[in-house]
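Each remark here refers to the structure printed beneath this line.
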Amino acid sequence: MNIIFKKDDSKSFYILWEKFLTQNSIDFNYSTPLIEYYLSTSDSILIDKSFILEVNNKCAGICFLPLEKINDTVSISILGSYIFAPLADSSKNEKIIYDTINTISAKFNVGEVFFKLSSFRDNTYNYLLAYGFLDATNHTCVLTLSNSKETLWTNLRKRYKSLINSLIKNDDFSIEVSDDKNSLNLHQQYVTFHKQHMINAKKTPKNDLVYQTQFNLLTNNKATIIAVKNNNIIILVNYFFHDTLNVAYASSAYDTNPIYQKLPLNHYLLWNAILYFKSKKLNTMMFGQPCNFNAIDGFNNYASDKEQSISHFKKGMGVSVIEHMQGVKFFDKILLIDKINQFKEEVENEL
């Protein structure tokens, strides 16, 4: 048995990691280009302790393990939130991985760990609880693309159909999908819109590394851009992350000109995205979080008015709402007490 850390032997790490994904049919959420993207989004990385478990000269497990330091607290997370949980080829090797995480956590004085399970995997229960995690399961929206076009259309919220048709029938509007020729242009337009959103929100625009790693997903066939054009001018750009089986709605950026604000652009784009990925024979489309039912969906799961509005919008796209299993492990009891007090405050404010 051997633990290979990415920082110690990145070449072996990447080769064995990708081999494990292929041999075990693991979805794109664990692909190395996507992991590099996640890492690029955080300015609080203390150290990346990602590793693979090698047993008898083969990869027996993988663990994405970024350690962040936020407000003097060290956590295993990205942007202080959930990352995809480790995977192993057996329960025995899974335990070895979680024991290794505990050892690393003790060494770096980790206070809390945020793990989530991929919704593309058939998880019959939240197995994180077996390793000392508290259940923080949320919800996500999923669409079965193998359904007929007629069924997908029928399942849309009634009002959405007329909104989508209003743009389908308007020759001023069109859809553009990324390919080898237009990917850079669509990406650059996305970056322009996204940076403007950050400025409008009085936030510091993301560094260029974030956008570069996002663009790398396009070149690695792990992402597609779909855009809405008005009179051949791009006004809305959405990123979708995927492999050859599944796809997830990832990120959106748009022209903030007030003339576009009341148009059903996202309804129109997402309907066309559904048809596009269906035509590519993909099986499942995830709409991601937020997909809350309530302002308080459970322990450590809260939704603002804006997030509840986004959830309502997603549910109108004919999706099914399923559990997205997550867990939080506390090594620092004070952090747990703080989370309990936060839950109490949320309840008091809501009820």
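Before moving on, here are some points about what is shown:
- Values of log10 I(q)/I(0) for region 141-323 across q = 0.10 Å⁻¹ run -0.41, by the Debye formula with one identical scatterer at each alpha carbon and no solvent.
- Orientation-averaged projected area, Cα convex hull of region 1-112 (nm²): 6.6 nm²
- Between Arg159 and Asp338, full extension at 0.36 nm per residue minus the direct alpha carbon distance yields a gain of 60.2 nm.
- Zone of Ser44's modelled label, taken as backbone nitrogen in region 58-95 under 11 Å from a point 7 Å along Cα→Cβ: 68-82
- Taking 0.36 nm per residue of sequence separation and removing the Cα-Cα distance, the Lys181/Leu209 pair yields an extension gain of 7.9 nm.
- Fully extended contour minus Cα-Cα distance, from Leu129 to Ser309, at 0.36 nm per residue: 61.7 nm
- Paired Rg and Dmax values of region 54-207, which use every Cα atom, in angstrom: 22.2, 61
- Within the same chain, lysines fewer than 8 places from Lys203 are excluded, and of the rest, those with a Cα less than 25 Å from its Cα are Lys69, Lys195, Lys262, Lys306.
- Percent RCO, i.e. relative contact order, over the chain, from Cα pairs under 8 Å lying at least 6 residues apart: 21 percent
- Cα extents of the chain along the three principal axes, largest first (Å): 61, 51, 40
- Checking the Cα-Cα distances for Lys116/Lys344; Lys161/Lys314; Lys278/Lys314; Lys158/Lys315 against a 20 Å cut-off, the pairs over it are Lys116/Lys344.
- Computed 3J(HN,Hα) for region 204-214, one whole-Hz value per residue from the Karplus formula 6.51 cos²θ - 1.76 cosθ + 1.60 where θ = phi - 60°, is 6, x, 5, 6, 5, 4, 4, 5, 5, 5, 5, glycine and proline marked x.
- Selection from Asn185, Asn123, Ser309 lying farthest towards where the dipole of the chain points positive, charges on Cβ: Asn185
- Structural descriptor for region 141-323: relative contact order 32 percent, calculated from alpha carbon pairs under 8 angstrom and at least 6 residues apart.
- Across q = 0.21, 0.23, 0.24 Å⁻¹, region 129-233 modelled as identical point scatterers on its alpha-carbon atoms has Debye log10 I(q)/I(0) values of -1.15, -1.17, -1.18, in the order of the q list.
- Region 264-335 and region 35-100: distance between their alpha carbon centers, rounded to Å: 24 Å
Coordinate-derived values only; no laboratory data. Because the structure is a prediction, the values reported are computed rather than measured. Here the Cβ is made from the backbone with ideal geometry for all residues, glycine too, and neighbour counts use every protein chain on show.
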